[in-house]
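The values are calculated or read from the model by the stated rules, or taken from the named source; none is laboratory data. Just so we're clear, the structure is a prediction, and the values are computed from it rather than from any experiment. FYI the Cβ positions are ideal-geometry reconstructions off the backbone, even for glycines, and counts take in every protein chain you see.
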Protein chains: 2
Amino acid sequence: MSLASLPVPELQATETALREHFEHTLVEVFSELADLFGNPRSHGQIYGILFASPLPLTMDDIAARLGISKGSASQGLRALEMLGAIERDASTRTSTYAARLELKLLVSGFVRQRLLPRLNSSKTQLAALKTLLPSLPAEHSADYQLRLKRVTQWHDRALRFLPLAQKLLDTASKFPTSID
Amino acid sequence: MSLASLPVPELQATETALREHFEHTLVEVFSELADLFGNPRSHGQIYGILFASPLPLTMDDIAARLGISKGSASQGLRALEMLGAIERDASTRTSTYAARLELKLLVSGFVRQRLLPRLNSSKTQLAALKTLLPSLPAEHSADYQLRLKRVTQWHDRALRFLPLAQKLLDTASKFPTSID
DNA sequence: AATAAAATTCATTTTGAATTGAACTATTCC
DNA sequence: GGAATAGTTCAATTCAAAATGAATTTTATT
């Protein structure tokens, strides 16, 4: 029985533990990031484990490794796929999933699917207010006008800013310290 | 009894209803915005009603108008004050609160108090991973390296980007359509 | 200093969003 | 076509975060 011929079990065990630590850390990082922006932690966890995985994973892999139900995994994977953050390979009997490593996709998916719809909906609500502005208590007429203008203006700025922000995040390396 | 001398009750009632509608809409808009970024809705509501109010409000005003408890109002007001989004006037017996209308303060408060601490904490976690990179399964060594590099790089970009973003949102009016 | 009013705190309760899992549907393989 | 496996759905459950409110502390007023 040669000890030198193959990796010794202890080393394998250590490698596995380290790989699990690597995975665990990325799961945690993305889980907190998801939470921070009001998304389910499990979605972050799923993206995290896929991001840490050199090989694509199946839904069952993911559910087992994260200790979540198949139902959660299914829903989370769908949400992430719709964001454009992961890719499904359905060419085999059992689909496999891989993270798309360009984090910009995660951001732009969030912007497109969560942020923009809300911004547009409040924009409409605010536009409706504008029409009843003249009927508000005259005493503070100018103030009401200012306040509505402020928030409307900011909406417009945010909407104009978002595409630019994405472009900047994309190419941020080209603008290291020149502007700030 | 002259009908023309003072506002007729019906008109007053209408004015009140309209003012309430104005308030209600802003409460809703900011409440949804808060929720979108993972903050308590009540914090958005409080900022919303202060934003809609030409006159400063007391804590009891706010709790009553929003139908929330004094405890909630107290906590929400403190959080908003710490963000720098509202101002307390403690010169009188009963403190009053007013929204600071520069929405940039709301954003930069969120960035400073919620976003940056988290980004820095994951940055540390990721830096720790870097040291154990050589001990990970050799088969995918290059891939692990790439993945860790990607997420680290993105962290750095985000951290560098944030101050710039705030400056841009501040002065967005000067860059109307020239860049996007 | 005593009283009253305002504001805060925090243990408990509530609430709503996320998760589960069993039933169902779709797909693949023989 | 039928058995087996994969994947989805959604009503019911769980759980974490937010809200409550009674007790307490702080602050102002006489």
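Has the stretch B:53-69 got at least one residue that is within 18 Å of the chain's Cα centre (by Cα) and within 11 Å of chain A (Cβ to nearest Cβ)?
yes
Considering only the stretch A:146-160, I want to know if a residue exists there that is over 18 Å from B:A34 (Cα atoms), more than 16 Å from the chain's Cα centre (by Cα) and among the aromatic types (F, W, Y).
no
Inside the stretch B:35-61, can you point out the residues that are buried (at least 23 other Cβ atoms within 10 Å of the Cβ), within 11 Å of DNA strand D (Cβ to nearest atom) and hydrophobic (A, V, I, L, M, F, W, C)?
Listed by number, the list holds a single entry, B:I46.
Among what's in the stretch A:75-105 and is facing chain B (nearest Cβ under 9 Å) and in contact (Cβ under 8 Å) with a residue 24 or more places away in the chain, pick the residue that is farthest from A:R157 (Cα to Cα). Reasoning before the result, please.
Quick first cut of the stretch A:75-105, residues facing chain B (nearest Cβ under 9 Å) only: A:99, A:101-104.
Right, trim to in contact (Cβ under 8 Å) with a residue 24 or more places away in the chain and you get A:99, A:101, A:104.
Details: A:A99: 32, A:L101: 30, A:K104: 21 Å.
That would be A:A99.
For the stretch A:62-72, how many residues are surrounded by 15 or more Cβ atoms within 10 Å (Cβ to Cβ) and basic (K, R)? Before the answer, list the steps.
Keep residues of the stretch A:62-72 that are surrounded by 15 or more Cβ atoms within 10 Å (Cβ to Cβ), which gives A:62-63, A:65-66, A:68, A:72.
Adding the requirement that they be basic (K, R) leaves A:65.
Here the count works out to 1.
For A:L136, all conditions in the list (1) more than 8 Å from chain B (Cβ to nearest Cβ); (2) more than 16 Å from DNA strand C (Cβ to nearest atom); (3) buried (at least 18 other Cβ atoms within 10 Å of the Cβ) hold save one; what is the number of the exception?
Going through (1) more than 8 Å from chain B (Cβ to nearest Cβ); (2) more than 16 Å from DNA strand C (Cβ to nearest atom); (3) buried (at least 18 other Cβ atoms within 10 Å of the Cβ) one by one, A:L136 breaks only (1).
Only residues that are of a type outside the set (S, T, Y), without any contact (Cβ under 8 Å) to a residue 12 or more places away in the chain and within 11 Å of DNA strand C (Cβ to nearest atom): list them for the stretch A:47-74, please.
Selection gives A:A63, A:G67, A:K70, A:G71.
All but one of (1) at pLDDT 95 or above; (2) within 16 Å of DNA strand C (Cβ to nearest atom) hold for B:R100; state the number of the condition that does not hold.
Only one criterion in (1) at pLDDT 95 or above; (2) within 16 Å of DNA strand C (Cβ to nearest atom) is unmet by B:R100, namely (2).
Testing A:A34 on (1) touching a strand residue (DSSP E or B) at 6+ places or on another chain (Cβ under 7 Å); (2) within 12 Å of chain B (Cβ to nearest Cβ); (3) within 14 Å of DNA strand C (Cβ to nearest atom), one condition comes back false. Which one is that?
That leaves (1) as the condition not met.
Could you check the stretch A:73-95 and list, in sequence order, the residues that are within 14 Å of DNA strand D (Cβ to nearest atom) and buried (at least 18 other Cβ atoms within 10 Å of the Cβ)? Spell out how you get there, then give the answer.
Step one: of the stretch A:73-95, the residues within 14 Å of DNA strand D (Cβ to nearest atom) are A:73-82, A:86-95.
If the condition is that a residue be within 14 Å of DNA strand D (Cβ to nearest atom) and buried (at least 18 other Cβ atoms within 10 Å of the Cβ), then A:A73, A:G76, A:L77, A:A79, A:L80, A:I86 are the ones that fit.
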